[in-house]
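Before any comments, here is the structure.
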Amino acid sequence: MKSPGQISAILPSLAFWAWCALLSYPMIAQKVNLADPGDAPLIPLFSVAIWQATGLFLFLVTVFLANYDRLSSTFGRMNPAQLAILAVILISLGLQLHGDEPATLLGIGYTCLVLVTALGLATLWTMTAADLEACTRIASLVFCLFGIVAIAILGWPQGRNVGSIQPNLFATPLLAAFILSQFSPSRLGIVVRILCIGMIALVSSRFALLGCICAVLTHELTFNPLSPWKIPVVIVAFAAGMLFWPQIATVLALDDTSRDLSSGLSGRDVYWQHTLAAIADQPLGIGFKRGLSDASGHNGYLKTLLEFGVGGGALIIVFVGCNIVLAGIEAIGSWGKTLQQRRFASARFAGLLSLAIGAFFQPQLLSLGDAFAVSFLFLLFKPRMSPTFVQGVRARATSQPMQLV
């Protein structure tokens, strides 16, 4: 029989897996009616948002009930850059005081919710290393299976779309799966990464492909850069790149005018111009989640500047960069760390760097409604873990008294 400490470690993982599923799988039903693909979708877009909100609510309730004793210590162990991001978001509540009352209340609710969610995701890092590894491994499998199930139900991609799911929407959970799979050394993680990058290439989602390449290279360069087997792998990869360069150039083309307006630099630069004009009109910001879709720029950094203002948005971007640098320093400095701790540090840095690059081509940097933003929040708000704190977590998980060293 499992102890209360062990149950409290399992429940947050179960809730996180359920949230991952509700962030992705409803898109399959929303996009096509299997009985008649030309008919109305099985569920409207609003219902997809309801499923996503349900997953978030389930996760937050479970985490705060299971980890209530860790909330204050988790918050207290955030670094100054993480706390600064939360402070800017909190101060931005004042930007919501405009427009009609429902929009104002909704904006205030979203702003408060992203703060609570960041703290809830941060508590996942207080699990034991084995529990955290299992949590990320199964979450990556959940996201990977989304792509497999979508193709199985909706058919092979036609014109890059899977059914009617836009390529980047299809690829976003797969990129999250690729990143989370790097926390585990298991063979399952290798299979997940191969499947994910294959499905991403199938729909030619360039931001996700670049993200996967960046994640795997960063992880390998920081985790065990002096491993002798990597030399022949680099040689083979270079030779394959030279041999298949025409195919690679086709998949990774960043200025393909044959694609639609929402794809590649050939279209996004038009969106970026509209967003820059909106920022010039509202330099103080319009409030989190108050930006119109056509003014978001399809760029997470530009939308951050639009929503939080030039000053507040710039501070968030700078402090995000500081956290990425700190994650890189942690990944490179391996002295005194176990193999698992080094792997976690490398996987986190690789994921943050990959998502930071992907944010140039994603509509939001901070959000709660897609796998990209949820993965980013999870990786961004990792608290500092001292040996005594980790030992206390292990003691609670096994219901054993903590012994201080």
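Some notes on this structure:
- In this structure, residue 317 does not satisfy being among the β-branched types (Val, Ile, Thr), outside any helix (DSSP H, G or I), more than 22 Å from residue 205 (Cα to Cα) and at pLDDT 85 or above.
- Filter pass, residue 399 being of a type outside the set (D, E, K, R), touching a Lys or Arg at 6+ places or on another chain (Cβ under 8 Å) and modelled with pLDDT under 80: no
- Residues of the range 60-82 satisfying the condition of being farther than 29 Å from residue 22 by Cα and in a helix (DSSP H, G or I): 73, 76, 80, 81
- The listed residues are 99, 107, and the only one of them that is touching a residue at least 60 places away in the same chain (Cβ under 8 Å), closer than 30 Å to residue 25 by Cβ and touching a Lys or Arg at 6+ places or on another chain (Cβ under 8 Å) turns out to be 107.
- Odd one out for residue 128 among (1) more than 19 Å from residue 24 (Cβ to Cβ); (2) hydroxyl-bearing (Ser, Thr, Tyr); (3) crowded, with 23+ Cβ neighbours inside 10 Å: (3)
- Filter result for the condition that a residue is within 22 Å of residue 217 (Cβ to Cβ), among the aliphatic types (A, V, I, L, M) and buried (at least 17 other Cβ atoms within 10 Å of the Cβ), over 315, 366, 353: 353
- The requirement of being surrounded by 14 or more Cβ atoms within 10 Å (Cβ to Cβ), of a type outside the set (Val, Ile, Thr), over 20 Å from the mean Cα position of the chain (by Cα) and at pLDDT below 90 is satisfied by residue 75.
- Within the range 132-232, helices (runs of 4 or more DSSP H) holding 3 or more residues that are closer than 19 Å to residue 48 by Cα: 167-181
- Residue selected from the range 204-224 under the condition β-branched (Val, Ile, Thr) and either buried (at least 19 other Cβ atoms within 10 Å of the Cβ) or more than 17 Å from residue 189 (Cα to Cα) (or both), by the criterion nearest to the chain's Cα centre (by Cα): 218
- Filter result for the condition that a residue is under 27 Å from residue 169 (Cα atoms), modelled with pLDDT of 90 or more and either in contact with a Lys or Arg (Cβ under 7 Å, 6 or more places away or on another chain) or assigned to a loop (DSSP other than H, G, I, E, B) (or both), over 348, 259: 348
The values are calculated or read from the model by the stated rules, or taken from the named source; none is laboratory data. All of these numbers come straight from a predicted model, not from anything done at the bench. Note that each Cβ is placed from the backbone with ideal geometry, even for glycine, and that neighbours are counted across all protein chains shown.
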